[in-house]
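The values are calculated or read from the model by the stated rules, or taken from the named source; none is laboratory data. The model shown is predicted, which means the values in this text are computed figures rather than measured ones. Using ideal geometry, Cβ is built from the backbone for each residue, glycine included, and neighbour counts are taken over all protein chains shown.
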């Protein structure tokens, strides 16, 4: 029987703070992956929950600008919600004037 992993998915605009958030989560003990393609999210969760895995908490950044992101991410998120572990989504936005 597999394990339950708490997963945080971070996405958002370029320059809005995704990498800083991921660094903070890593400091809190999360296993972190940056720039994971949406098509690999479910496989990543499978590996985290596999028997023998030591990953209790994981965080990943997905790039919303990836071609076909919405469809692939929507399906992956549905799959994650159906799992026994928890999943949280954080979307980072910033005003254009702040990003300039």
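Only residues that are under 14 Å from the mean Cα position of the chain (by Cα), surrounded by fewer than 14 Cβ atoms within 10 Å (Cβ to Cβ) and farther than 24 Å from residue 15 by Cα were counted in the range 80-93, giving 2.
Total residues in the range 15-31 satisfying the condition of being assigned to a loop (DSSP other than H, G, I, E, B) and in contact (Cβ under 8 Å) with a residue 60 or more places away in the chain: the figure is 3.
Would it be correct to say that residue 5 is touching a residue at least 24 places away in the same chain (Cβ under 8 Å) and in contact with a strand residue (DSSP E or B) (Cβ under 7 Å, 6 or more places away or on another chain)?
Numbers: touching a residue at least 24 places away in the same chain (Cβ under 8 Å): yes; in contact with a strand residue (DSSP E or B) (Cβ under 7 Å, 6 or more places away or on another chain): yes.
Considered against the rule, which asks whether it is touching a residue at least 24 places away in the same chain (Cβ under 8 Å) and in contact with a strand residue (DSSP E or B) (Cβ under 7 Å, 6 or more places away or on another chain), residue 5 comes out as yes.
Scanning the range 56-66 for any residue that is surrounded by fewer than 17 Cβ atoms within 10 Å (Cβ to Cβ), free of Cβ contacts under 8 Å to residues at least 40 places away in the same chain and in contact with a helix residue (DSSP H, G or I) (Cβ under 9 Å, 6 or more places away or on another chain) turns up at least one such residue.
Checking the condition over 11 Å from the mean Cα position of the chain (by Cα) and either within 16 Å of residue 83 (Cβ to Cβ) or modelled with pLDDT of 85 or more (or both), which residue from 19, 6 passes? Exactly one residue qualifies, and that residue is 19. If only residues of the range 38-74 that are in a loop (DSSP other than H, G, I, E, B) and under 11 Å from the mean Cα position of the chain (by Cα) are counted, the one that is modelled with the lowest pLDDT is 63.
Assessment of the range 42-50 against the conditions (within 14 Å of residue 7 (Cβ to Cβ) and touching a helix residue (DSSP H, G or I) at 6+ places or on another chain (Cβ under 7 Å)) yields at least one matching residue.
Restricting the range 75-100 to residues that are in contact (Cβ under 8 Å) with a residue 12 or more places away in the chain and part of a loop (DSSP other than H, G, I, E, B) leaves a set whose member that is farthest from residue 5 (Cα to Cα) is 94.
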